[in-house]
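Enquirer: I'd like to ask some things about the structure below.
Every read-out reported here was derived from the displayed coordinates using simple, explicitly stated rules and does not represent laboratory data. Here the structure is a predicted model, which means the values were calculated and not measured. Glycine gets a Cβ as well: all are built from the backbone with ideal geometry, and neighbour counts include every protein chain shown.
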Amino acid sequence: ADASVLSVVNGCDDLCVSVCVSVSVLMCAAMCSEAVGVSDLLDRASQISDKLHSLSTSLSNDLDSHFVPVTRLLMPRPSACHTSSLQTPNDKDHALRVPETELLSLVRSLVLAWTDPLALLSSEASALDHPANSIINTKAKELHDQSKTLGEGLEHLVSKMGSSGPSISLLPLFESNDLGQDPTSRLVNFHFLLSCFRRDSHKIDSFLKVLRCRAAPMNPDTC
Amino acid sequence: MLGPFRVLQLLLLNLFFHLLAEASTAGFTPPGKPKLTSCRSPEKETFTCWWDPGSDGGLPTTYSLYYRLENSETVYECPDYRTAGENSCFFSKNDTTIWVNYNITVVATNELGSNHSDSVEVDVAYIVQPNTPVNVTVAVKEDDQGPYVRVSWEKPPKADTSSGWITLVYQLRVKLEKERDWEEYDAGYQKVFKVFSPRSGGTYMVQVRCKPDHGFWSEWSNTSYVTVPDYLLKERYLWIVIGTISLVIFIILTWMINLKRNSVKHFLLPPVPGPKIKGFDKQQLKNGKAEDAFNALVIQGFLPASDYEDLLVEYLEVYDNDNQELVDGGKDLQDGLLKSKCMSDNDSGRGSCDSHILLMEKCGEGKEELPVEHPRPQEVVGKCSGPMEDLVANTAELNTSLVHTLAPRFSPSLPSQINKKGSPGTPTPISEKGEKQKRELHNSSPALSGYSHINNEFDMNGLVGKRDPAAPAFRSMEYVEVQKVSQQNVLLLRPLGPTPVQLAAEDYSKVKGVTSDNVLLLQSEQSRLRISDCQERGEQEESCPRQQHPQAGKLAIHLPSNVIQGGYVDSATMIY
């Protein structure tokens, strides 16, 4: 009896493989259908961007809770953010007039531009001279992870939508390797960088939600 | 040359201006520092800033708002001071740029100077606070689980959610009118919300607000009221089923009790036995004709009044002879008969059985019962008199109590087993005692006494048997022997021969004594004849004393107190 069972199991292998392949093919085919995929992907992407912005806001608040007023004075102006060179729509009418692909490429550029700075932030967070150090560290790391996930999703989305990626030359560069030499300047730079990201994450979130509603305009819930 | 009047005018003017100049500097100050209180954007397209003016220094003060965008140094002044009201600045769409810092300052100016507020950095993206939701409708709806409250609303008019520019989440809060605390519910992106299982008959207050995905909560909408009508709980079906089952059970129980009505009545209220007299017509009594009712009980021809004395006389034949002893026959037979009659009537109390005969009452003598066994019409004595009294006198001397026979009950019906034969009646056996010695009384068990006299003339209803026309009217008594007592307490009689009955000494029972509570103790060791022997011998010569079950040696006969008088015992009253 045992032998017969074993033989059945062995024989099953080939069968199982063929079944698995066919199933995966079917699933791919299902997933590859564009109409369903894009709106779902956009929905997923906007969820991540929403979370990203919420995290950055809460991290900013944590920093502000023990912020020494003098550091605020030392903070550079927001226009000094490295992504300020990236031209994005600044009001609704503008934003609604931008075609989807362009908008998506814009979003993707922003996300890509922040990959390295966020990595820096998460690495520098532990050495920060701040009482809420551990919380900041945790959140910074999660920030980094989420932005990476969003980047991957956007890549997928771009390939699905068939648009070409943004030209690499236009990507804003983040050249700094560290936040500063002394704790105060590190803290100040950390805070500044975070504020820049907070704004950009808001942009990303807004644009993705516009794209979401544009892809599925009859969505009764959100649009 | 100025006249003095002119000089005076100048002086006055000078003074006036001087005063004016002083007045302007004394108590009037440059305006206080204004303060920007808040800036809000309801739809992420426009925004408004409000400030707090501060003191105006007593002079008319003007306020101006100046702003600067982050990248340029150009200072702009507020484009619209009016739209948003006092001390406000409204930035229209054209003047609004998102994701750009505004550096805003308010300057207060009056005659004496100006003052400017602290600068505030504002990014429109972070100050979004929508207006309250509109068209909040609250209604009570029904579904198969019962009623529920359905709340619906619409987004604030200016928020552009369809393009996705702004995404709103909603929240509502509900409370009963008389409660203190609100219950908050998150509705998410929906514009409809259902509150289930509302309080029956309660009035609810509902408010709704909204929030953009990253921004501030709006104000609560105006309160909407809704009253829930009274309704049964959704378990009403269960209650209906329970109610129906209870009703059915109740009906069944009622029907069962109805069927067993009598048993229940007997159980709860046991019947009190009441006197019932057979042949007694209550209706006649109610009609007021009591005599008729009583007369109905009287057996016609049974005991004519004229024969009353004869009966008595007949009965009172007392033999003086010592040897001659009279058997008290029939007394107990009759009694037994009567008793059998009694037994068949369940509702009769014993009193009716034991009711001593009308004769007794007529006699009026309470001393003893006169055993009138064989009523003979002619011989019935209307009153107690004569020999009867002698007997009474004689027997009074006797030490032993006499066992009298009991006159038969004048029951209209006798069991048909009684055979009537005409026979010369012999005197009622009365055991008598001589003056000197004790008479032994024949102690026959009353129920089984051997003989009974039956008058031919004993014309009772239902009596089977005919009159023997040959029988002399006078002595038409005959003896009947009790053959046996059937199971139903019916005495089976057989007629005896005409010979008088003589009893041996051993047929009598000696009364041993009378206890305090009227129990007659008899000695029974003397009777040896058994019932079976008696039967074998036939009924001719001897009486068959019917013994009761041989007992330890004594027979206890309970006598009611009214029987024992003057030493005479009326055996008819003995109850076995």
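Enquirer: Based only on Cα atoms, what Rg/Rh ratio does the stretch B:62-151 have, Rh being taken as Kirkwood's radius?
Expert: Ratio of gyration radius to Kirkwood radius for the stretch B:62-151: 1.31.
Enquirer: So what is the relative contact order for the stretch B:125-244, in percent, with contacts set as C-alpha pairs under 8 Å and at least six apart?
Expert: 32
Enquirer: Can you tell me which of B:510-517, A:186-193, A:202-209, B:55-62 comes out highest on packing, and rank the rest after it, using the mean Cβ neighbours within 10 Å?
Expert: Order by mean packing, descending: A:202-209, A:186-193, B:55-62, B:510-517.
Enquirer: Shifting gears a bit: Given Cβ point charges of +1 (Lys, Arg) and -1 (Asp, Glu) and nothing else, what value in debye, to the nearest 20, does the dipole of the stretch A:100-206 about its Cα centre take?
Expert: 200
Enquirer: Moving on to the next point. For labels at residue B:247 and residue B:519 in the simple 7 Å Cα→Cβ model, what's the distance in nm?
Expert: 6.4
Enquirer: Defining a contact as two alpha carbons under 8 Å apart and six or more residues distant in sequence, what relative contact order in percent does the stretch B:26-114 show?
Expert: 38
Enquirer: While we're looking at this one, here's another question. Can you give the FRET efficiency to the nearest 0.05 for residue B:277 and residue B:237, using r as the Cβ-Cβ distance and R₀ = 56 Å?
Expert: E(calc), rounded to 0.05, equals 0.30.
Enquirer: Continuing with this model, one more query. If you take every DSSP beta bridge fully contained in the stretch B:16-174, what fraction is antiparallel? Give it as a percent rounded to 5.
Expert: Antiparallel: roughly 95 percent of the beta bridges in the stretch B:16-174.
Enquirer: For a Förster distance of 30 Å, can you work out the FRET efficiency between the beta-carbons of residue A:123 and residue A:66, rounded to the nearest 0.05?
Expert: 0.90
Enquirer: So, one more: Computed FRET efficiency, Cβ-Cβ of residue B:216 and residue B:144, R0 35 Å: what is it to the nearest 0.05?
Expert: 0.30
Enquirer: If packing is taken as the average count of other Cβ atoms within 10 Å, what order do A:44-52, B:265-273 fall into, highest mean first?
Expert: A:44-52, B:265-273
Enquirer: So, one more: Can you check what the net charge comes to around residue B:150, using other residues whose Cβ is under 13 Å from the Cβ of residue B:150 (Lys, Arg +1; Asp, Glu -1)?
Expert: Here the charged neighbours net out to +1.
Enquirer: Taking 0.36 nm per intervening residue step and subtracting the Cα-Cα distance, what contour gain separates residue A:178 from residue A:160 on full extension?
Expert: Fully extending the segment from residue A:178 to residue A:160 adds 2.8 nm.
Enquirer: Obtain the nm distance between the two label points defined at residue B:95 and residue B:227 by a simple spin-label model: each point lies 7 Å from its Cα along the Cα-to-C-beta direction.
Expert: So the two model labels end up 5.0 nm from each other.
Enquirer: Are any of the pairs A:141/B:158; A:160/B:194; B:155/B:178; A:209/B:178; A:141/B:191; B:35/B:175 more than 32 Å apart by Cα-Cα distance, and if so, which?
Expert: A:141/B:158; A:160/B:194; A:209/B:178; A:141/B:191; B:35/B:175
Enquirer: Report the residues of the stretch B:96-110 in range of a label on residue B:66: point 7 Å along Cα→C-beta, backbone N strictly under 12 Å from it.
Expert: Residues B:104-109 qualify, since their backbone N sits under 12 Å from the label point.
Enquirer: Need one number: nm distance between label points at residue B:181 and residue B:265, each 7 Å from Cα along Cα→Cβ, rounded to one decimal.
Expert: Computed distance between label sites residue B:181 and residue B:265 equals 6.5 nm.
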